[in-house]
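Undergrad: Right, I'll just put the structure down here and ask away after.
The values are calculated or read from the model by the stated rules, or taken from the named source; none is laboratory data. Treat the numbers as computed from the prediction; the structure is a model and nothing was measured. Reconstructed Cβ throughout: ideal geometry from the backbone, glycine too, with neighbour counts over all protein chains shown.
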Amino acid sequence: VACNSKCVEPHGTIFSICKCCDQIDEISDKKLYKYLSEVRDMNGLKLSGYNLELFGTCKTCDQKHLQNMNQ
């Protein structure tokens, strides 16, 4: 998955991806970027950005699954 925002300053992007319907939501988290930049200091890696993909079930698909179980 690629970030679709026009980046002016370095940041990290988190993508939440539903394994049922393939819905993708993009989340930007400056605190996580700051933390990972500090990790760079410990390991010597100069961080220029990151993409993190989280996989799971979105709220809509989760509700559909619960409804099907109750029928």
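Undergrad: Inside segment 39-58, can you point out the residues that are modelled with pLDDT under 80 and either surrounded by 10 or more Cβ atoms within 10 Å (Cβ to Cβ) or not in a helix (DSSP H, G or I) (or both)? If you could, list the steps in order and put the result at the bottom.
TA: Applying the first criterion (modelled with pLDDT under 80) to segment 39-58 yields 39-51.
Correct list: Val39, Arg40, Asp41, Gly44, Leu45, Lys46, Leu47, Ser48, Gly49, Tyr50, Asn51.
Undergrad: Something else now. Which count do you get for residues in segment 12-25 that are assigned to a strand (DSSP E or B), of a type outside the set (Phe, Trp, Tyr) and in contact with a strand residue (DSSP E or B) (Cβ under 6 Å, 6 or more places away or on another chain)?
TA: Of all residues in segment 12-25, those assigned to a strand (DSSP E or B) come to 12-18, 24-25.
Checking the rest, the ones that are also of a type outside the set (Phe, Trp, Tyr) come to 12-14, 16-18, 24-25.
Those left that are additionally in contact with a strand residue (DSSP E or B) (Cβ under 6 Å, 6 or more places away or on another chain): 12-14, 16-17, 24-25.
Qualifying residue count, segment 12-25: 7.
Undergrad: If you don't mind, there's one more thing I want to ask. In segment 7-33, which residue that is of a type in the set (D, E, K, R) and surrounded by 13 or more Cβ atoms within 10 Å (Cβ to Cβ) is modelled with the lowest pLDDT?
TA: As a first pass, look at segment 7-33 and keep what is of a type in the set (D, E, K, R): 9, 19, 22, 25-26, 29-31.
Add one more test, that the residue is surrounded by 13 or more Cβ atoms within 10 Å (Cβ to Cβ), and what stays is 26, 29.
Values: Glu26: 88, Asp29: 80.
My answer is Asp29.
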